[in-house]
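Everything below concerns the one structure shown next.
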Amino acid sequence: LIVLLGRWVIHAAARAQRELVAHGWAGLPIAVNVSAMQLFNSDLLGDFISATEAHGLTPGVLQMELTESSLMHNPVQALSVLKSLNARGIAVSLDDFGTGFSSMSYLQHLPLDSLKIDRCFVTNVERNPRNAAICRALLSLGHSLGLVVIAEGVENEAQLEWLTAHGCDQVQGYLLGRPAP
């Protein structure tokens, strides 16, 4: 059912984006997590286009996130799907980078727009030298490739201050807001 559920989530995100626009938040995109099953066994591009058109959204306001491990199933097909999404202005973010089977070839070949630093590296970044070193390396790597770098799991001001001071582009986490229905 993940393909049908995923399609519903994409349309729900499009409806939510329309509500954000109606309330003055036109520049705030919504990212949808996509499973490997959706990536390889559905018309993902068609789902994003359909949702965008049905709700009168401009290209780029709906974005897609996927994990490195989902790419492992079929890298050649993944590249094809991501290129088609990219060609239609759908931003793609590589989620949880560094926690799975990290491969620099993904960063070299896939049309990515952003890289997300997993929360396990953000935890205690301000006082754990190893986490800080990993975050600095990922920030440098992402920026060198022209990617937006997003830190996940920001839970306190000290983490936010460290990430801001080191040039992190965006953050997400409980500090900014808890998940909502």
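A few points about this structure:
- The relative contact order of the chain, computed from alpha carbon pairs under 8 Å that lie at least 6 residues apart in sequence, is 15 percent.
- Potential lengthening between ARG88 and SER69 on full extension [0.36 nm per residue; Cα-Cα distance subtracted]: 4.4 nm
- Taking all protein chains together and a 1.4 Å probe, the residues VAL122, VAL76 rank VAL76, VAL122 from largest to smallest accessible area.
- Portion, in percent, of the accessible area of the chain that falls on carbon or sulfur, probe 1.4 Å: 57
- Amide H contacts under 5 Å for PHE97, placed H, 5+ residues apart: LYS116, ASP118
- Computed extension gain for ILE49 through SER35, at 0.36 nm per residue and net of the alpha carbon distance, reaches 3.3 nm.
- Overall form of segment 140-181 per C-alpha gyration tensor (a/c, 1.5; a/b vs b/c): oblate
- Ranked packing of 77-89, 58-70, most packed first, by mean Cβ within 10 Å: 58-70, 77-89
- In order through segment 29-36: 3J(HN,Hα) via Karplus (6.51 cos²θ - 1.76 cosθ + 1.60), integer Hz, x for Gly, Pro: x, 10, 9, 10, 6, 10, 8, 4
- Computing FRET efficiency as 1/(1 + (r/R0)^6) for ASN156 and SER80, where r is the C-beta to C-beta distance and R0 is 35 Å, gives about 0.25.
- Residue among GLN159, ALA132, VAL148 farthest towards the positive dipole end of segment 92-181, charges placed on Cβ: ALA132
- Full extension of the chain between ALA22 and HIS143 yields a length gain of 40.3 nm, computed as 0.36 nm times the residue separation minus the alpha carbon distance.
- Cα-based shape type of the chain, given that a ≥ b ≥ c are square roots of the gyration tensor eigenvalues and the cut on a/c is 1.5: oblate
- Shape of segment 94-154, Cα gyration tensor, a/c cut at 1.5: prolate
- Scalar couplings 3J(HN,Hα) for segment 62-68, obtained by applying the Karplus form with A = 6.51, B = -1.76, C = 1.60 to θ = phi - 60°, are 9, 10, 10, 10, 8, 8, 4 Hz; x denotes Gly and Pro.
- The mean sequence separation of alpha-carbon pairs under 8 Å and at least six residues apart, normalised by the residue count of segment 20-120, gives a relative contact order of 26 percent.
- Long hydrophobic helices in the chain: the complete DSSP H runs spanning 20 Å or more by Cα along their own axis with mean Kyte-Doolittle hydropathy of at least 0.5 are 2-22.
The values are calculated or read from the model by the stated rules, or taken from the named source; none is laboratory data. These figures come from a predicted structure and were not determined experimentally. Because the Cβ atoms are built from the backbone with ideal geometry, glycine has one as well, and the counts that use them run over all protein chains shown. Accessible surface is based on the protein model in full, side chains and every heavy atom, while ligands, DNA and RNA are left aside. Shrake-Rupley method; radii C 1.70, N 1.55, O 1.52, S 1.80 Å.
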